[in-house]
Amino acid sequence: MSVYIVRSEISADLPALTDNDQVILLRPLEDGPAVRFQVFDTEADARAAGDDVYRLLVEVAGPWQDVPSHAVCATWKLKDGNQVDHFLENRRQLFEVRRRVLPHFVYDWLLQSLQHEDQFLVLGLYGDEDSAIRLCREHPDVEQYNRLHPLGAFSAEDVTGLRCFRVETYPA
């Protein structure tokens, strides 16, 4: 079964207005808009909701079983469409490293934009602030993996940089 996600930027002072109970609302730790992710079972429902529609390609769940408190998000653009499969495998392996070494790892998602098929979004959810702000990139095993498997080899460009958030709303 496919999963589709609609990503919307909203004013940081607005509530998560939706009748969909599958909403993740993220408030930025620094300046910037809040981000709402709505999860849908069908592409048609996701497209009807508007904004940026993504398809879930990779999901790696971690050991943390409680509600996540923090999240990270970054957008990547692949310059070479022939590298998609390698890029997906690279991210999946990185997610597996995070799952293995970060005790507060909830999950990492890799999403592909339906509007811009060369754009991918990584959404990571964590049970503590340190994992989201620092450890997801700076844990020694994560750093080693990134050194050995640089994204430059896939002509991947970081479009947004890593943004850190506090999780305000998470599906029950």
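Numbers below:
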| read-out | value |
| --- | --- |
| Only listed residue being in contact with a Pro (Cβ under 7 Å, 6 or more places away or on another chain) and not small (Gly, Ala, Ser), chosen from Phe95, Phe154, Phe120, Phe165 | Phe165 |
| Pairs with Cβ under 7 Å, 6+ apart, first in segment 78-101 and under 12 Å from Val60 (Cβ atoms), second of a type in the set (Asp, Glu) and crowded, with 16+ Cβ neighbours inside 10 Å | Phe95/Asp108; Arg98/Asp108 |
| Elements of type strands (runs of 3 or more DSSP E) in segment 119-172, at least 1 residues being over 27 Å from Val67 (Cα atoms) | 119-126, 156-158 |
| Selection within segment 102-117 - over 19 Å from Pro63 (Cα atoms) and surrounded by 15 or more Cβ atoms within 10 Å (Cβ to Cβ) | Leu111, Gln112, Ser113, Leu114 |
| Segment 118-128 - residue that is of a type outside the set (Val, Ile, Thr) and closer than 22 Å to Val53 by Cβ and, of those, surrounded by the fewest Cβ atoms within 10 Å (Cβ to Cβ) | Asp118 |
| Considering residues of segment 97-109 that are assigned to a helix (DSSP H, G or I) and of a type in the set (Val, Ile, Thr) only, the residue farthest from Val122 (Cα to Cα) | Val101 |
| Test: residue in segment 144-160 that is on the phi > 0 side of the Ramachandran plot and either over 12 Å from the mean Cα position of the chain (by Cα) or not β-branched (Val, Ile, Thr) (or both) | yes |
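Quick note: the coordinates plus some simple rules give every number you see, no bench work behind them. All values derive from a computational prediction rather than experimental measurement. Cβ coordinates were reconstructed from backbone atoms using ideal geometry, including for glycine residues, and neighbour counts include every protein chain displayed.
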